[in-house]
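Before we start, here is the structure in question, set down as structure tokens.
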């Protein structure tokens, strides 16, 4: 009877272990805006609970905020005189706790027509936006992206695996002995 309780107790212990979602809080992240080969805004700071980089030419405001699972890009170009061109937001140094890697990036809200590209690596996200003046006609616009981070499966160390395998074999032996 005791052996039949052992698997149930082990399963209960696994189920009651708290699962912690990958988080950027406390991580140092860099948000950078480049356009026409020039860097216009950059901010490196600890995520607490977010990091914002802002560029304010004249009466225009262009900013990006990153927090756990969300990126907000905000454009209020006012009368900013520009002929446009692609602008790129890059977020680097995404070190999640516990260890994880960016695994998805999705536009949640905003005009998809002004997003010319988006990509990610394990620890960075890049979003390209087409000519903002032409696309937004000088008015307020906001894009919101969501991203997911997937934790790498933990390796089971050999010293822990060997006793578990021996315990399993012993349990099979006891069950076989009772039946025979």
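Only residues that are within 18 Å of the chain's Cα centre (by Cα) and over 20 Å from residue 74 (Cβ atoms): list them for the range 26-50, please.
Of everything in the range 26-50, those that are within 18 Å of the chain's Cα centre (by Cα) and over 20 Å from residue 74 (Cβ atoms) turn out to be 26, 27, 28, 46.
Going by the conditions given, is residue 102 part of a strand (DSSP E or B), buried (at least 17 other Cβ atoms within 10 Å of the Cβ), modelled with pLDDT of 85 or more and out of contact with any helix residue (DSSP H, G or I) (no Cβ under 9 Å at 6 or more places or on another chain)?
Details: part of a strand (DSSP E or B): yes; buried (at least 17 other Cβ atoms within 10 Å of the Cβ): yes; modelled with pLDDT of 85 or more: yes; out of contact with any helix residue (DSSP H, G or I) (no Cβ under 9 Å at 6 or more places or on another chain): yes.
Against the criterion (part of a strand (DSSP E or B), buried (at least 17 other Cβ atoms within 10 Å of the Cβ), modelled with pLDDT of 85 or more and out of contact with any helix residue (DSSP H, G or I) (no Cβ under 9 Å at 6 or more places or on another chain)), residue 102 qualifies.
If you don't mind, another one. From the list 171, 161, exactly one residue is at pLDDT 85 or above and assigned to a helix (DSSP H, G or I). Which is it?
Just one listed residue meets the conditions, 171.
Scan the range 74-93 residue by residue and report those that are part of a loop (DSSP other than H, G, I, E, B) and either modelled with pLDDT of 85 or more or surrounded by fewer than 17 Cβ atoms within 10 Å (Cβ to Cβ) (or both).
Looking only at the range 74-93, we keep the residues that are part of a loop (DSSP other than H, G, I, E, B), and these are 77-86, 93.
Matches in the range 74-93: 78, 79, 81, 82, 83, 84, 85, 86, 93.
Just give me the residues in the range 28-73 being crowded, with 17+ Cβ neighbours inside 10 Å and part of a loop (DSSP other than H, G, I, E, B), in sequence order.
47, 60
The values are calculated or read from the model by the stated rules, or taken from the named source; none is laboratory data. Computed from a predicted model, the values in this text were never measured in an experiment. Here the Cβ is made from the backbone with ideal geometry for all residues, glycine too, and neighbour counts use every protein chain on show.
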